[in-house]
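Have a look at the structure below before the remarks.
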Ligand SMILES: Cc1cc2nc3c(=O)[nH]c(=O)nc-3n(C[C@H](O)[C@H](O)[C@H](O)COP(=O)(O)OP(=O)(O)OC[C@H]3O[C@@H](n4cnc5c(N)ncnc54)[C@H](O)[C@@H]3O)c2cc1C
């Protein structure tokens, strides 16, 4: 379990990193926390000729915010986001998702940008940023573009980024008032990738009717899997247990597309998705009603 | 005897070094000029090798050599049979097929070694492995324990006419007769699956042939340094004094590190002699999943005959045991299953037929528990089912069947893993069982808590299971104890240390006997330069077999001390006492001499050592028990299951342990904690998934799930003491105990938490997905 030979660069600035990525293109891999990349290199599943280590670029590791958005630098570690009070206030769903990611040791190294660039359909941040309609700020030598989550994740471990691109920042808009959220998942051990999970976001109008609902699933297909039809069942309605059950059935039966592996069959994953959708919608609903302190 | 140091909660003297990174492990050994080995391992479980081309690999800069079986010439020979089949049994079939250093023509399990690269570093060595080109002819794999015995099954060993590795029957009494008088007969089929030992440290070897000295120095992460030394010497045509094997600190053994002569242990010594340079190989985690031995897959067809009152009249079982591609370790594991399938109970009639099969999977040898968890699982599960059928309290049926205290020594009339009679030396089961029930609060739970929790919609259940463990078997171990001129004690034993706290608990024995502090004793384990004879650390035998050898040697040294001091102090021996590193007259404390001064006097530079005496205050003694010491214990747990998500949480865990006289309760508790974590792995987490082509689908710690700290319950350990009558210390083993009853207790608790489903769980491990399937099946049948 030793990687194949590679050349190693440790740029000190974003332009320097972008120039290296431009020069080496397909041969290069960005190294962030290394928690996904290094194991793959050690198993020789990927053999990049060039590694561009972006750990020495402090401006990529900042957390900023105003009333328009929370902005997380790509190199913000999971552990830093977990402890940050601004994240907790302005994006509680992101805050809550952190302890579900791997172990503390891995969160100390792993980064927000690394997780999102890796685009593992089992990653919490992938579904959470989708549910929160985050935007992804991407740079390369010729400039910058901002891509919404709905266009960023394009397939299994695939994003809208090209080899020359660097993800620099993720912008997360705040939820409207009277919104509730929930992230529910089932993992074999708390620190494992979940067998299945769901992020739910609900916004109520003044009459407690559902104004907006979003359900996004992890480990349920080739990317973050949204369930718009289930969400549509809720739209404009008062949330009741029956309605929640109907939405859960809809999502679990018709909208998600989980696979089978040694840990769970597709059937069991659908069953779990159903159970978790109910629990997530109940919690999100309670929070939207203000039934539980929004912390 | 009242002990001052034995039995005290002495903190482990080895911990400061271990915790500050100051302990030597094999990977810490770095020698000048050292080379590194990497292996080309088979991708297939079963395939014929058509062609190997190493020419490209040899051209990579930094590569020193690439070798295949052919290159080994006459040095190529399979590993030795570690344990032959029991000679005392009749009609035993045993086909011995042993692992090879490098595969010649046909690979028999994925991960088997085909070629080795030696290079200046491990990175280059692995680069070169990728450049070896190999042509295989894949063959259908033998995977299923029952299908492999069908006439049209492919053969693992083509020189045999079937995949049968062994067959034997053990019986006592007359099961058929018991059956005829039974009021109830229960029949069940069990399937227990395979797991890994997953020690924290993988295997590793550094070998260094010194041509001028004609000496081979070996560091090996093994549980068995002396047999490794003996075997390496004989394989290489050397004398034993030309080989020194050191098993330094080893990060966990759990059984597989006693599998003697892994392929790597055959290849590396040969390489260093060829190259006359040190060679290192450290197993990585992926290799560990394929190459390090595993255990537990067995299929059981079990019958239990009972009276209406719940007395067990007889047990009959047919066991199919998977030994993997080879069977170097003989029948140890399934013999343990046979001898534990009657549990702690008085069973008069027993019939146990064992069939061992070869499959295209990693070799099976004992893993902590070693066949015992399977036996206990079977008998305890059968009793649970019987209690339900007979409408008896699960506690009553157990109490009714325990071997009573007056029946010891209790002869089971079959043989155990050591080929000696299965005799339980001593025990007092009922009070310990009742103690466990009391500590876990069984009555209160059933009467008050469970109904209250159910009313809240919570599914919480209780399981309490007693078990026995045969421990401390022969053949023997030895120890050498010596007083140095400094007055400090040096001691050595041949067993290796993989976390068992030998440096502390053995030091306690010596400190007790010689009247010194524990810190004054320096205990060496696992170095063949320090002691010549020994077998190794296995079968929960260190404290019993090596411990009693240490005790005997220390007592002998004490005798020498007294004899010499008596002369020097002109005081009769029986008026002398050893305390604080001094020998003194009991009633005239100023009349004393230190152990150090005595050691100097015992090794005079001039004059003569008296005829019939030996120089020094030193002794080497051996201990070999006629039969083992049988420990007893009870595990109880209260767990909660969410029947929607199948997630399980353990709320309370209590164990009662009777391992006879304890050397150090802290160490015993540590053993239990570790054992329980392995046991929980076997219940719910740990399963090696082999597909139908013999491929292991989860060869990484991301997919092979080991319980971690966050899954571990708090464990309360309560001690009982029924001293072993057949050794001076009264010790019984406890190294494996923690793992043995856990699955039986877990399944009992789980069924108790879900009474509406009336589950009868006969398999391990039980993943959430599998539990879901079982519940779905019950739902459909409702
Ligand atoms: C045992 C284990 C358990 C885990 N469990 C979970 C879990 O439960 N949930 C979860 O979400 N994750 C889990 N992870 C993954 C973990 O969160 C990783 O840290 C994360 O997926 C990758 O982040 P990283 O910073 O380590 O990225 P790296 O490993 O450094 O990089 C990952 C990929 O992204 C690319 N990349 C990184 N940064 C950028 C960038 N700024 N621009 C463009 N490309 C970039 C790299 O080139 C690489 O291809 C687990 C990991 C391990 C080892």
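Results, tabulated for the structure shown:
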quantity	calculated
Residue list for segment B:756-772, restricted to those being within 14 Å of chain A (Cβ to nearest Cβ) and without any contact (Cβ under 8 Å) to a residue 24 or more places away in the chain	B:770
Residue that is within 22 Å of residue B:646 (Cβ to Cβ), more than 13 Å from chain B (Cβ to nearest Cβ), surrounded by fewer than 22 Cβ atoms within 10 Å (Cβ to Cβ) and in contact with a strand residue (DSSP E or B) (Cβ under 6 Å, 6 or more places away or on another chain), where the choices are A:237, A:283	A:283
Only listed residue being closer than 30 Å to residue B:374 by Cα, out of contact with any strand residue (DSSP E or B) (no Cβ under 9 Å at 6 or more places or on another chain) and surrounded by 24 or more Cβ atoms within 10 Å (Cβ to Cβ), chosen from B:538, B:467	B:538
Index of the failed condition, residue A:227 passing every other in (1) buried (at least 23 other Cβ atoms within 10 Å of the Cβ); (2) away from the ligand (no atom under 12 Å from the Cβ); (3) within 30 Å of residue A:22 (Cα to Cα)	(3)
Long-range neighbours under 8 Å by Cβ, at least six apart or interchain, first residue within 14 Å of another protein chain (Cβ to nearest Cβ) and closer than 20 Å to residue A:224 by Cβ within segment A:96-117, second near the ligand (Cβ under 8 Å from one of its atoms) and modelled with pLDDT under 95	A:102/A:191
Count of segment A:155-170 residues which are within 14 Å of the ligand (Cβ to nearest atom) and in a strand (DSSP E or B)	7
Strands (runs of 3 or more DSSP E) completely within segment B:237-345 that count 1 or more residues being within 24 Å of residue B:536 (Cα to Cα), in contact (Cβ under 8 Å) with a residue 24 or more places away in the chain and within 14 Å of chain A (Cβ to nearest Cβ)	B:279-282
Elements of type strands (runs of 3 or more DSSP E) contained in segment A:43-152, each with 3 or more residues being within 11 Å of the ligand (Cβ to nearest atom) and touching a strand residue (DSSP E or B) at 6+ places or on another chain (Cβ under 8 Å)	A:50-53, A:135-140
Residue tally, condition under 30 Å from residue B:471 (Cα atoms) and part of a loop (DSSP other than H, G, I, E, B), over segment B:575-626	3
Where a residue in segment A:165-188 is closer than 16 Å to residue A:112 by Cβ and more than 14 Å from chain B (Cβ to nearest Cβ) and its partner, wherever it lies, is within 14 Å of the ligand (Cβ to nearest atom) and in a loop (DSSP other than H, G, I, E, B), with Cβ under 8 Å and at least six apart	A:166/A:54; A:166/A:74; A:167/A:74; A:167/A:161; A:168/A:74; A:169/A:74; A:170/A:74
Failed item in (1) away from the ligand (no atom under 16 Å from the Cβ); (2) within 14 Å of another protein chain (Cβ to nearest Cβ); (3) surrounded by fewer than 24 Cβ atoms within 10 Å (Cβ to Cβ), with residue A:248 passing the rest	(3)
Qualifying residue in segment B:742-755 (condition: within 14 Å of chain A (Cβ to nearest Cβ) and not in a strand (DSSP E or B))	no
Selection status of residue B:461, part of a strand (DSSP E or B) and assigned by TED's automatic domain parsing to the domain that holds residue B:376	yes
Residue within segment B:615-635 that is in the same structural domain as residue B:441 (by TED's automatic domain parsing), modelled with pLDDT of 95 or more and within 30 Å of residue B:773 (Cβ to Cβ) present	yes
Residue list for segment A:171-197, filter: near the ligand (Cβ under 10 Å from one of its atoms) and within 14 Å of the chain's Cα centre (by Cα)	A:185, A:193, A:194, A:197
Residues of segment B:115-153 satisfying the condition of being touching a helix residue (DSSP H, G or I) at 6+ places or on another chain (Cβ under 8 Å), surrounded by fewer than 22 Cβ atoms within 10 Å (Cβ to Cβ) and over 30 Å from residue B:282 (Cβ atoms)	B:153
Some residue of segment B:89-99 being surrounded by 23 or more Cβ atoms within 10 Å (Cβ to Cβ) and in contact (Cβ under 8 Å) with a residue 12 or more places away in the chain	yes
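Listed here are the residues, each with its yes/no results for (1) out of contact with any helix residue (DSSP H, G or I) (no Cβ under 8 Å at 6 or more places or on another chain); (2) surrounded by fewer than 23 Cβ atoms within 10 Å (Cβ to Cβ); (3) free of Cβ contacts under 8 Å to residues at least 60 places away in the same chain.
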| site | (1), (2), (3) |
| --- | --- |
| B:661 | yes, yes, no |
| B:674 | no, yes, no |
| B:707 | no, yes, yes |
| B:720 | no, yes, no |
| B:724 | no, no, no |
| B:730 | yes, yes, no |
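The values are calculated or read from the model by the stated rules, or taken from the named source; none is laboratory data. Everything numeric in this text was worked out from a predicted model, so none of it was measured. Here the Cβ is made from the backbone with ideal geometry for all residues, glycine too, and neighbour counts use every protein chain on show.
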